[in-house]
Amino acid sequence: MGLPEEDFNSYATHRGDHLTAQRATFANPQLVNEMAVVDGQVKRGSLTRVEPDGTVMRMWEAIETYMNRKQPLIIIAGADYGQGSSRDWAAKGVRLAGVEAIVAEGFERIHRTNLVGMGVLPLEFEPGTTRLTLGIDGSETFDVIGKRTPRATLTLVMTRKNGERIEVPVICRLDTAEEVSIYDAGGVLQRFAKDFLGQS
């Protein structure tokens, strides 16, 4: 946008600007994304692979690609997802990128709450099940089936590139009826707007 580099400052000072904060989503040089395989090795940094093309590119460029396609996204993660990133923008950024659900082995407490508040569905693998035991490589497509109630068991339907369909039980981490209500409204702001308009 023509701003000289010495005036960039930091993401933290610009977190009120949604365009800057969007670009900060997963913009970590230490990020380990198992989809970002270059020369047979997982390359650290703000990278991912765009599917079904198979091209590895910068995270923000990939997010823009998916946004232009209006393609909903899912994140498959390991343990303690969101640890160290409990600020609200860590959840806002993924929602603005088009992420509708995150399936992880576990969630950092505050971040899980923030995800619900942004209208992102947190799902948890049952103990003993991980992205590794399922052999997920990022080329799959996913659907979530079942009635969302507090801590219900839902079905994650995974379809591999070769057409193989696998059904995986996952725990709905909407932990209370209030969280179900917030999620169903689309997030905290939408819920607040609905309640406000309902009173007027």
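The values are calculated or read from the model by the stated rules, or taken from the named source; none is laboratory data. Note that the structure is a prediction, hence the values are computed from the model and not measured. Cβ: placed from backbone, ideal geometry, glycine included. Neighbour counts: every protein chain shown. What goes into the accessible areas is simple: the full protein's heavy atoms, side chains included, and nothing from ligands, DNA or RNA. Shrake-Rupley method; radii C 1.70, N 1.55, O 1.52, S 1.80 Å.
Side notes on the structure shown:
- Helix-only CD estimate at 222 nm, as mean residue ellipticity for the chain, using -39500 (n - 2.57) per DSSP H run (n ≥ 4): -8000 deg cm²/dmol
- Heavy atoms of T13 accessible to a 1.4 Å probe, total area in Å² rounded to 10: 80 Å²
- The relative contact order of the chain, computed from alpha carbon pairs under 8 Å that lie at least 6 residues apart in sequence, is 14 percent.
- Here the Karplus curve 6.51 cos²θ - 1.76 cosθ + 1.60, taken at θ = phi - 60°, turns the phi angles of the range 28-36 into couplings of 10, x, 9, 4, 10, 10, 5, 7, 8 Hz, with x standing for Gly and Pro.
- Candidate cross-link partners of K70 among the lysines, defined by an alpha-carbon separation under 23 Å and a same-chain spacing of 8 or more, comprise K92, K161.
- Residue (of G128, P29, S10) at the positive-pole extreme of the chain, dipole from beta-carbon charges: G128
- For Q83, nonlocal amide neighbours, meaning residues 5 or more places apart or on other chains whose placed amide H falls under 5 Å from its own, are E108.
- Between the C-alpha center of the range 20-84 and that of the range 137-169 there is a gap of 20 Å.
- Net charge dipole size for the range 40-151 [Lys, Arg +1 and Asp, Glu -1 on Cβ; Debye, nearest 20]: 320 debye
- The magnitude of the dipole of the chain, with charges of +1 and -1 set on the Cβ of Lys/Arg and Asp/Glu and taken from the Cα centre, is near 280 debye.
- Computed with a 1.4 Å probe on the full set of protein chains, the accessible area for D7 sits at about 80 Å².
- Partner aspartates and glutamates whose Cα lies under 12 Å from the Cα of K43, excluding those fewer than 8 positions away in the same chain, are identified as E34.
- In Hz, Karplus ³J(HN,Hα) per residue of the range 169-176 (6.51, -1.76, 1.60; θ = phi - 60°; x = Gly, Pro): x, 9, 9, 6, 8, 8, 7, 9
- Chain lengthening between N162 and H18 when straightened (0.36 nm per residue, less Cα-Cα): 48.0 nm
- Extension gain (nm, one decimal) between R151 and R69, 0.36 nm per residue minus Cα-Cα: 26.3 nm
- Ligands, DNA and RNA excluded, the heavy atoms of V32 present near 80 Å² of accessible surface to a 1.4 Å solvent probe.
- The H on the amide N of L121, modeled in the peptide plane, is under 5 Å from the matching H of A101, I102, each at least 5 residues off or on a different chain.
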